[in-house]
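Below is one structure; the comments refer to it alone.
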Amino acid sequence: MMNKPLTKQKAVQKIKNLRQDIQYHEKKYYVDNDPQISDYEFDLLVKELEKLEQEFPDLITPESPTQRVGEQPLEGFASVEHSMPMLSLDNCYNAQELREFEGRIKKIFPSEKIEYEAELKIDGLGIAIIYRNGKFFQTVTRGDGIRGDDVTANVKTIKSLPLTLDTTQDVEARGEIYLPFSSFHRINQEREKEGEPLFANPRNAAAGSIRLLDPKEVAQRGLDMFLYSVFLDGKEKASQSENLDVLKRFHFKTNPHSKLCFSMEEVLIFYQKWQEQRDSLDYDVDGIVIKVNSTRHQTLLGSTAKFPRWAISFKFPARQATTKIKDILIQVGRTGALTPVAILEPVKLSGITISRSTLHNEGEIKKKDIRIGDTVLIERSGDVIPKVVSVMREKRTGKEHPFLFPTECPVCHAAAFHPEGEAVSRCTNPSCPAKLRESLLHYASRRAMNIEGLGDAIVHQLMSNNLVKHIPDIYNLRIEGLIDLERMGPKSSQNLLDEIEQSKDRDVARLIFALGIRFVGERTAQALATHFKSVDTLARAGCEELLQIQDVGPKVAESVVFFFDQPENIELLKRLKQAGLNFADRKGLEEGGKLLAGQTFILTGKLSRFTREEATAIIQNLGGQVVSSVSSKTSYVIVGEAPGSKLQKARSLGVQILDESQFQELIGTFYK
């Protein structure tokens, strides 16, 4: 007797049941490590679902388990702004520093009992996972904490990731993607057979895997994740331990070894336990994270520009190794700093082959009596760059010899100057090629003027062929001067020229950061741009006015004034202005400075006329403020393509909503 064809109505129910069964068994296997059926039985369920979806293709949905690896290879990764910053953690390396952290908290809450949630610090890649109406929507890497890369298609391949949640709330879960040691060793064995270079360590392999352009290749790597924080409609629960419970309730994979501690003594016991047992784990941990458990306490403690004051990373002792110093070289940075670097006999350390180590400065070399030929102990202690801990003097043979710190720049041979009160010597030549090279690379970097294509190799060729002797020279480049360079045909040359031309329209904050003023990072550059509105106004400012700005202290103020007093920098600004760079964002800022004063804005969705950074800068320059969450006090919500939940909340609160055309009308003639 022939089976009757399945009706669509029955297929809907059958597909629903199969998806629920598969998702249940995925959770039991990948999250709970407690499989309830054999691999063969699981494969049969998946094949049955695939067959039904082929028969009824209109019933396929993005959250179906069969669609984890359904995307086409990617062309690149879009940059996405985080809903709220993903701050990094401050580090401590001994019990005394941890006690100092505790002391700062007790100073704020002298009479309150403080609980701490202690968690293993996974050495992986930070990510934020976003769900809309219970469905997996997007994943963004930590990036610089403000913006990250959209790696949605690749993260979707991770089997422990739930594709649906039993909630209608907007959910954002944050955690770490990592590569288990077992997967790491398997991948390296396969690469060795294929004659491909081996990955140095699991973290590098995880970071490289998540940025592969083909999701199908990512799926084969065996990535996994642990989640440690969650926001429901932008809010956390009353404590970190409750946040972990919410994650578990939604079937996210959380690390099983966290512990709620009622004293710092309990934290230290937890630390000691996992320092001894970390090698028993199938993933790399480099310390523990201690978080104040109460969300109320966290809010009151707040954050610095970089770190939350309510959490700290207590690192395990660094992995150490011994090797020999073959030579000591001097590197010249963009500020002219002469930095000694030890050339080492290659040695394996934490899965990485180390052949160079910073020696910091002349004083460090003298203090530790470091000599060429010495056998030394090196370590990686939370820093990417290894450092020399000590010299093993008992191994000296008499052939070692002291390093004589140069009195001149090793590149341009100009005199080296050691400013009073500073640890480093500096090249005094403003036209030093080494300083120019580093300055060009900084100027063209992504967070500065973002000139794609102007990298190390091209900068080297431009300087070697005398095409660029100063930063403004890049705006005088012509295609006939580029096409003869190595790997630079007509198309590549024109692409580079187009990128250089587009850099003229970057906002003032980027230009200030790109100038490379000592002690002026991105955040300070934005503060200066917001206050002064133009580079010319900033250049005329004195220390007294600069010190009125948040994030600007005496050292920064003196550095800014000094920079704009130098004749070579005055000439630099003159030439950049002649090249047509954007020195004041747009004309009429003085008149428009109060246009949006006292008004708050929300940006949601993808903007087409402006980038997020440009729209934010415009609002700030006209006196307004950009905030991250909608409230009844919000003045406007500016909506682009594919807006998120903020649009719905704005409508429910009666907040005025603007599309980009209406926003353009609001700011009027000040920004065309």
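To keep it simple, each residue is scored yes or no on (1) assigned by TED's automatic domain parsing to the domain that holds ASN569; (2) at pLDDT 90 or above; (3) β-branched (Val, Ile, Thr); (4) surrounded by 14 or more Cβ atoms within 10 Å (Cβ to Cβ).
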| site | (1), (2), (3), (4) |
| --- | --- |
| TYR475 | no, yes, no, yes |
| GLY516 | yes, yes, no, yes |
| LEU528 | yes, yes, no, yes |
| HIS531 | yes, no, no, yes |
| SER534 | yes, no, no, yes |
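Look at TYR271 and say whether it is modelled with pLDDT under 95, buried (at least 18 other Cβ atoms within 10 Å of the Cβ), outside any strand (DSSP E or B) and among the aromatic types (Phe, Trp, Tyr). No: the conditions fail for TYR271.
Each residue in region 291-303 was checked for being surrounded by fewer than 18 Cβ atoms within 10 Å (Cβ to Cβ), under 23 Å from the mean Cα position of the chain (by Cα) and in contact (Cβ under 8 Å) with a residue 12 or more places away in the chain, and 1 of them qualify.
Checking the stated criteria, GLU190 turns out not to satisfy the condition of being closer than 30 Å to THR353 by Cβ and surrounded by 15 or more Cβ atoms within 10 Å (Cβ to Cβ).
Among the residues that make up region 221-236, is at least one of them assigned to a helix (DSSP H, G or I), at pLDDT 95 or above and over 27 Å from GLU379 (Cβ atoms)? No: region 221-236 contains no residue that is assigned to a helix (DSSP H, G or I), at pLDDT 95 or above and over 27 Å from GLU379 (Cβ atoms).
A count restricted to region 46-72 and to residues that are farther than 19 Å from THR7 by Cα and at pLDDT 85 or above stands at 1. Within region 326-341, is there a residue that is within 30 Å of ARG278 (Cβ to Cβ) and outside the structural domain of ILE517 (by TED's automatic domain parsing)? Among the residues of region 326-341, not one is within 30 Å of ARG278 (Cβ to Cβ) and outside the structural domain of ILE517 (by TED's automatic domain parsing), which makes the answer no.
How many residues, within region 587-604, are at pLDDT below 85 and in contact with a Pro (Cβ under 7 Å, 6 or more places away or on another chain)? Going through region 587-604 one residue at a time, the tally reaches 0. Name, by its number, the condition in (1) within 31 Å of the chain's Cα centre (by Cα); (2) surrounded by fewer than 20 Cβ atoms within 10 Å (Cβ to Cβ) that does not hold for PRO490. For PRO490, the failing item is (1).
Whether a residue is assigned by TED's automatic domain parsing to the domain that holds TYR443 and of a type in the set (Ser, Thr, Tyr) was assessed, and SER492 passes this test. Every test in (1) assigned to a strand (DSSP E or B); (2) within 26 Å of the chain's Cα centre (by Cα); (3) farther than 30 Å from GLU97 by Cα is passed by PHE314 save one, and that test is (3).
Of the residues ILE330, ILE312, ILE378, which single one is in contact with a Cys (Cβ under 6 Å, 6 or more places away or on another chain) and surrounded by 18 or more Cβ atoms within 10 Å (Cβ to Cβ)? Spell out how you get there, then give the answer.
Values: ILE330 fails: in contact with a Cys (Cβ under 6 Å, 6 or more places away or on another chain); ILE378 fails: in contact with a Cys (Cβ under 6 Å, 6 or more places away or on another chain).
Of ILE330, ILE312, ILE378, the one residue that is in contact with a Cys (Cβ under 6 Å, 6 or more places away or on another chain) and surrounded by 18 or more Cβ atoms within 10 Å (Cβ to Cβ) is ILE312.
Per this entry, LEU485 is counted among residues that are modelled with pLDDT under 95, in a loop (DSSP other than H, G, I, E, B) and either surrounded by 15 or more Cβ atoms within 10 Å (Cβ to Cβ) or in contact with a Lys or Arg (Cβ under 8 Å, 6 or more places away or on another chain) (or both).
Among the listed residues ILE500, ILE451, ILE471, ILE512, which satisfies the condition of being touching a Leu at 6+ places or on another chain (Cβ under 6 Å), surrounded by 13 or more Cβ atoms within 10 Å (Cβ to Cβ) and either touching a residue at least 40 places away in the same chain (Cβ under 8 Å) or within 24 Å of GLU568 (Cα to Cα) (or both)?
On the way: ILE500 fails: touching a Leu at 6+ places or on another chain (Cβ under 6 Å); ILE451 fails: touching a Leu at 6+ places or on another chain (Cβ under 6 Å); ILE471 fails: touching a Leu at 6+ places or on another chain (Cβ under 6 Å).
Answer to the check: ILE512.
Looking only at residues that are out of contact with any helix residue (DSSP H, G or I) (no Cβ under 7 Å at 6 or more places or on another chain) and buried (at least 17 other Cβ atoms within 10 Å of the Cβ) in region 171-187, which one is modelled with the lowest pLDDT?
SER183
Residues that are under 30 Å from SER632 (Cα atoms) and of a type in the set (S, T, N, Q), at least 1 per element: which helices (runs of 4 or more DSSP H) completely within region 490-608 meet that? Before you say what the answer is, go through the steps one by one.
Working: elements: 490-502, 508-514, 522-532, 535-539, 543-546, 554-565, 567-578, 589-592.
Filter on region 490-608 gives 522-532.
Do we find a residue being under 30 Å from SER628 (Cβ atoms) and of a type outside the set (A, V, I, L, M, F, W, C) anywhere in region 258-276? Break it down stepwise before answering.
Initial filter on region 258-276 (under 30 Å from SER628 (Cβ atoms)): 258, 260.
Keeping just the survivors that are of a type outside the set (A, V, I, L, M, F, W, C) gives 258.
Yes, some residue in region 258-276 is under 30 Å from SER628 (Cβ atoms) and of a type outside the set (A, V, I, L, M, F, W, C).
For region 3-13, state whether one or more residues are within 40 Å of the chain's Cα centre (by Cα), exposed (fewer than 13 other Cβ atoms within 10 Å of the Cβ) and at pLDDT 70 or above. Looking through region 3-13, none of the residues is within 40 Å of the chain's Cα centre (by Cα), exposed (fewer than 13 other Cβ atoms within 10 Å of the Cβ) and at pLDDT 70 or above. Considering each residue of region 62-71 in turn, at least one proves to be farther than 30 Å from LYS273 by Cα, surrounded by fewer than 18 Cβ atoms within 10 Å (Cβ to Cβ), of a type in the set (A, V, I, L, M, F, W, C) and in contact (Cβ under 8 Å) with a residue 24 or more places away in the chain.
Is it fair to say GLU379 is touching a Leu at 6+ places or on another chain (Cβ under 9 Å) and of a type in the set (Asp, Glu)?
Working: touching a Leu at 6+ places or on another chain (Cβ under 9 Å): yes; of a type in the set (Asp, Glu): yes.
Against the criterion (touching a Leu at 6+ places or on another chain (Cβ under 9 Å) and of a type in the set (Asp, Glu)), GLU379 qualifies.
Please determine whether any residue of region 601-613 is closer than 27 Å to SER534 by Cβ and exposed (fewer than 14 other Cβ atoms within 10 Å of the Cβ). Within region 601-613 (the criterion being closer than 27 Å to SER534 by Cβ and exposed (fewer than 14 other Cβ atoms within 10 Å of the Cβ)), the answer is yes, since at least one residue qualifies.
Evaluated against (1) under 24 Å from ASP505 (Cβ atoms); (2) in contact with a strand residue (DSSP E or B) (Cβ under 8 Å, 6 or more places away or on another chain), ALA584 falls short on exactly one condition, (2).
Here ARG249 passes the criteria (1) touching a residue at least 40 places away in the same chain (Cβ under 8 Å); (2) surrounded by fewer than 20 Cβ atoms within 10 Å (Cβ to Cβ) except the one numbered (1).
From the set of residues in region 126-170 that are polar (S, T, N, Q) and surrounded by fewer than 21 Cβ atoms within 10 Å (Cβ to Cβ), which is nearest to GLN20 (Cα to Cα)?
Let us first name the residues in region 126-170 that are polar (S, T, N, Q), namely 133, 138-139, 141, 152, 154, 157, 160, 164, 167-169.
When the remaining residues are screened for being surrounded by fewer than 21 Cβ atoms within 10 Å (Cβ to Cβ), the result is 133, 138, 152, 160, 164, 167-169.
On the way: ASN133: 18, GLN138: 22, THR152: 22, SER160: 15, THR164: 10, THR167: 16, THR168: 18, GLN169: 20 Å.
By that ranking, first place goes to THR164.
The values are calculated or read from the model by the stated rules, or taken from the named source; none is laboratory data. Every value quoted in this text rests on a predicted model; they were computed, and no experiment measured them. Please note: Cβ atoms are built from the backbone with ideal geometry, for glycine as well, and neighbour counts cover all protein chains shown.
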